[in-house]
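The next block holds one structure in the form of structure tokens; read it before the comments.
The values are calculated or read from the model by the stated rules, or taken from the named source; none is laboratory data. Not measured: the values here are computed from a predicted model. When we count neighbours, we look across all protein chains shown, and the Cβ atoms used for this are built from the backbone with ideal geometry, even at glycine.
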Amino acid sequence: MTNKLYYENSYAQKFTANIQKLERDFVVLSETLFYPTGGGQPHDIGTLNGVNVTNVEIVDGEIRHYLAKSLPANTEKVEGVVQWARRFDHMQQHAGQHILSAAFESLFGLQTVSFHLGKESATIDLDTTTVSKQQLREAEKLANQIILENRPIETKWVTVEELAQYKLRKATKLTENIRLVIIPDFDYNACGGTHPNETGQVRAIKILQTEKQKRFIRVEFVCGERVLTHLHRKQDVLLDLIGTLSSPEEKLVDAAKHLLNNEKSLEKQLADLKESLYQYEAKELMTTKEKTIISATFQNRSIQELQRLAKMVVTESPESICLFVAENDSKLQLVAAKGNAIEQSMKELVTQILPLINGKGGGNEMIAQGGGDTILSSEQFIEKAILYFQQG
């Protein structure tokens, strides 16, 4: 069994060890400071003899250190260095989780059912379907009070029989090698993670947001240096908004709402103007119609615009068909629509003429559309479509 040095001193960063197993992509050591992934806490990283440790896991009872490249086959000893910034960040987040979970339970009887420590934030899942803003504020306030008091964080190895002496926040299924993490008179919990020696080293806890997760409420939070990271990020955004909206911080919400209301009003005005333009354009096209065929070519008009325009025309002129072609990005796009007085199928018309431009399309009896390559000009393609309709 590998001696777990990270339990003896979670602040230690360097160690030496003998190699017990040397494989192509991992090694097993006589002892290690590298914490393996477990209990919601990610693994440590660092180096062994200068080679990057990319992952640490417990597999078949072995603590395996996965390496970026293999160590020489004759290597017997290693010098290990744990990346301290990552280790201490994990210590802060994990201890912060204990404190926050204990705050929710002591104040409201809400148990934590799971914990995840991510790269930018951590989460706990509370065994409840609802949690109020007031409860979040009170739990955060109590957690930060415990941090401010700089209470000791103790660890102790106990037997199953000794567990009865402690009021655990969450029952453990372990029957041996039971390690308790204790904040006296506040939290007693079985845990295998790394933690600082005092609550003050967590520095601060900030709840970011909550999210409903099936039967639970997920609470996202940050501790320690991550609080400052989030504060800096949000401060930058805030200052950008103050400059962009030309509004002081206390009036930003009102300024944003005013801007959104203006945008909605402008969008409606724009939609109304577009509708008026479509109507005007449709009337112009109907004045130039020949018999039952109304055709036109366009540049850079979307197929949705052509459909809207064609529907307007055939609604006002039910004895006509519309054949509109637009050239967009070296592609030809066709819309064919008919009024109620026309019997011929627009879907059939489109299906027959699109192969002329290596195109594909679809639709129904009343309106169909499709597109293809610019093998023909817009005018030539319109002529082919008209000819097919007249022959059909």
remark   = Within the stretch 219-246, the residues that are among the hydroxyl-bearing types (Ser, Thr, Tyr) and under 27 Å from residue 123 (Cβ atoms) are 229
key: In the stretch 23-39, the residues that are touching a Ser or Thr at 6+ places or on another chain (Cβ under 7 Å) and either within 25 Å of residue 123 (Cα to Cα) or modelled with pLDDT of 95 or more (or both)   = 28, 29, 30, 31, 32, 35
inquiry  = Pull out all pairs, ordered by first then second residue, where Cβ-Cβ is under 8 Å, the residues are six or more apart or on different chains, the first lies in the stretch 246-263 and is closer than 23 Å to residue 235 by Cβ, and the second is hydroxyl-bearing (Ser, Thr, Tyr).
reply    = 254/247; 255/246; 255/247
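Here is a yes/no grid of residues against (1) modelled with pLDDT under 90; (2) surrounded by fewer than 13 Cβ atoms within 10 Å (Cβ to Cβ):
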{"site": "325", "(1), (2)": "no, no"}
{"site": "328", "(1), (2)": "yes, no"}
{"site": "334", "(1), (2)": "no, no"}
{"site": "338", "(1), (2)": "no, no"}
{"site": "366", "(1), (2)": "no, no"}
{"site": "372", "(1), (2)": "no, no"}
{"site": "375", "(1), (2)": "yes, yes"}
{"site": "382", "(1), (2)": "yes, no"}
key: Subset of the stretch 38-52 that is aliphatic (A, V, I, L, M) and in contact (Cβ under 8 Å) with a residue 24 or more places away in the chain - its residue that is farthest from residue 193 (Cα to Cα)   = 48
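Conditions (1) in contact with a Ser or Thr (Cβ under 6 Å, 6 or more places away or on another chain); (2) at pLDDT 90 or above; (3) not assigned by TED's automatic domain parsing to the domain that holds residue 135, marked per residue:
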{"site": "219", "(1), (2), (3)": "yes, yes, no"}
{"site": "224", "(1), (2), (3)": "no, yes, no"}
{"site": "240", "(1), (2), (3)": "no, no, yes"}
{"site": "246", "(1), (2), (3)": "no, no, yes"}
{"site": "249", "(1), (2), (3)": "no, no, yes"}
{"site": "253", "(1), (2), (3)": "no, no, yes"}
{"site": "257", "(1), (2), (3)": "no, no, yes"}
{"site": "261", "(1), (2), (3)": "no, no, yes"}
{"site": "264", "(1), (2), (3)": "no, no, yes"}
Meets criteria (under 30 Å from residue 7 (Cα atoms), over 30 Å from the mean Cα position of the chain (by Cα) and at pLDDT 95 or above) for residue 178 = no
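Condition check ((1) more than 42 Å from the chain's Cα centre (by Cα); (2) part of a helix (DSSP H, G or I)) across all residues:
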site	(1), (2)
335	no, no
340	yes, no
362	no, no
376	yes, no
384	yes, yes
389	yes, yes
task = Only residues in the stretch 103-125 that are under 16 Å from residue 209 (Cα atoms) count as the first member; pair them with residues that are part of a loop (DSSP other than H, G, I, E, B) and among the hydrophobic types (A, V, I, L, M, F, W, C), Cβ under 9 angstrom, at least 6 apart or cross-chain, and list the lot.
result = 104/110; 104/131
